[in-house]
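The values are calculated or read from the model by the stated rules, or taken from the named source; none is laboratory data. Small disclaimer: the values here were computed from a predicted structure and weren't measured. Cβ placement follows ideal geometry from the backbone for every residue including glycine, while neighbour counts extend to all protein chains displayed.
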Amino acid sequence: MSLATQDAFAAWIQQRMPRASDIKVTPFRAASSGQSNETRLFDLSYRISELTVERLVLRRAPEGRGLFPEYDLDVQVGVMRALASTRVPVPVVRWYDPDNSVLGPPFVVMEFIEGAIPSDLPPGF
């Protein structure tokens, strides 16, 4: 994503964190897997009472034709939020934006969970 897009994204986060200052977003990095959507990792740093740095994940709907005929990020976000109070390890959804004015397609920002990611390839490939 372009520098202008990164700046627009940082401004979008600032609107969601009005008490924070010194908000900085590192350049997006591609995730090691995930073919059904665009998944990017980034670090968010900000200061409220002290400096905080968090690793977060941006997932956005694919532009154009994707792996699936329909891509419903609303459903994905709803499922993650519904599972949040269970023992299933799902990332905490920080923000969801169904609008397309900031990054193009709708997107969700969630906390990063460390762990092993299943392969995108079927067994035997």
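Can you tell me which of (1) surrounded by 12 or more Cβ atoms within 10 Å (Cβ to Cβ); (2) within 21 Å of residue 77 (Cβ to Cβ) is the one residue 15 doesn't meet? So residue 15 meets the others, but not (1). Summed over segment 27-57, the residues that are of a type in the set (Ser, Thr, Tyr), at pLDDT below 95 and either surrounded by fewer than 15 Cβ atoms within 10 Å (Cβ to Cβ) or in contact with a Gly (Cβ under 6 Å, 6 or more places away or on another chain) (or both) give a count of 4. Of the residues that sit in segment 82-102 and are modelled with pLDDT of 90 or more and surrounded by 14 or more Cβ atoms within 10 Å (Cβ to Cβ), which one is farthest from the chain's Cα centre (by Cα)? Of everything passing the filter in segment 82-102, 90 is farthest from the chain's Cα centre (by Cα).
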